[in-house]
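Just below is one structure, and these are the notes that go with it.
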Amino acid sequence: MKLRLPEERPTEPPTGYKIAHPVLSQDGARAGFTGVSLGGALPYGVLADASCVYGLRHRAPHRRCDCGFHCVHDRTVAEALLCTAEHRTAVLLEVSVLGRYLRFERGFRYARQRVRTATVGPCACGTVAAALADAGWGRPGWRALVPSCAGCLRGRTSLSLAGFARLAGEGLRVVAGSGALLPAGDLGPHSGPGGLGVPELTAEAALLQARLDWFQAQLARLGGHGGGAGPQV
């Protein structure tokens, strides 16, 4: 006799945790994530459906395949993955498990997900991140992004944390490593133009200042080699 586990019918979607790399489309119009292991070549949005990474024509997750989104039950287990060298620049995601899922001892394999919160770690210099900047690698059509402070941007393609949240859409919240909440939508009575609040405006101002400093340094360098002619911009 073949034993089967009881079918679950939760009243609310289960919550899971995973890590991923934030990515920005080549044209700068979309933001999303790419996994760190199986399926890492297939970037996904905040709200996404899984497909079989092996190209098999069955619905994910299939019991006899590894396909589907993966997450763990325990936040601390996912955070521990960020300690490894290859995952230091990844972000921690809190997701809602949607659709069909298979429950395992440590997590889920499932058909659909909504990323609710992305927690961004510190910049490589140790400073709290104010932006997500070009990591120097990516997938076809997508640039990978890494946490960066304003001082370490140095002209790289970047988005503020709030800017990434707005571009990704679907109500995504982005949290800096310090715990400062940077939501995508309206922040209430202290919101500025376009729904930006004090944390977002402060981060945007820091990024603008860092870019201005970088451009001024470049202009000064070019001016020193210009032979009397001013730099052309």
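For L47 and R103 in one chain, what is 0.36 nm times their gap in residues minus the Cα-Cα distance, to one decimal in nm?
Working it through step by step, the gained length comes to 18.1 nm.
For Y17, Y54, what ranking results if the residue with the fewest other Cβ atoms within 10 Å of its Cβ goes first?
The fewest-first ordering by Cβ neighbours comes to Y54, Y17.
Once the piece of chain linking D27 and R221 is laid out straight, how much longer is it, given 0.36 nm per residue of separation minus the C-alpha distance between them? Write down the numbers at each step before the final one.
Working: separation 194, 0.36 × 194 = 69.84 nm, distance 2.97 nm.
Here the segment from D27 to R221 would lengthen by 66.9 nm.
What FRET efficiency, computed as 1/(1 + (r/R0)^6) with R0 = 45 Å and r the Cβ-Cβ distance, is obtained for R116 and R154, rounded to the nearest 0.05?
0.90
Just need the relative contact order of region 18-89 here, percent rounded to a whole number, with Cα pairs under 8 Å and 6+ apart.
Here the relative contact order equals 23 percent.
Starting with the fewest neighbours, write out L172, L92, L42 ranked by other beta-carbon atoms found within 10 Å of each beta-carbon.
Details: L172 25, L92 20, L42 13.
Ordered from fewest to most neighbouring Cβ atoms within 10 Å, L172, L92, L42 come out as L42, L92, L172.
What's the whole-number percent of alpha carbon pairs in region 62-184 lying beyond 20 angstrom?
Here the long-distance tail beyond 20 Å is 50 percent of all Cα pairs in region 62-184.
Fewest Cβ neighbours within 10 Å first, please rank S158, S51 accordingly. Don't jump to the answer; show the numbers that get you there.
Values: S158 23, S51 18.
Lowest to highest Cβ neighbour count: S51, S158.
Counting other C-beta atoms within 10 Å, and keeping those with at most 12, which DSSP coil trypsin sites (Lys or Arg not before Pro) do you find in region 1-62?
Loop-located and lightly packed - K2, R4, R57.
At what distance in angstrom do the alpha carbon centres of region 31-48 and region 96-163 lie from each other?
10 Å
Just so you know, all these numbers are worked out from the coordinates, no wet-lab data involved. None of the values given here were measured: they were computed from a predicted structure. Methodologically, a virtual Cβ is constructed for each residue, glycine included, from the backbone with ideal geometry; neighbour enumeration extends over all protein chains shown.
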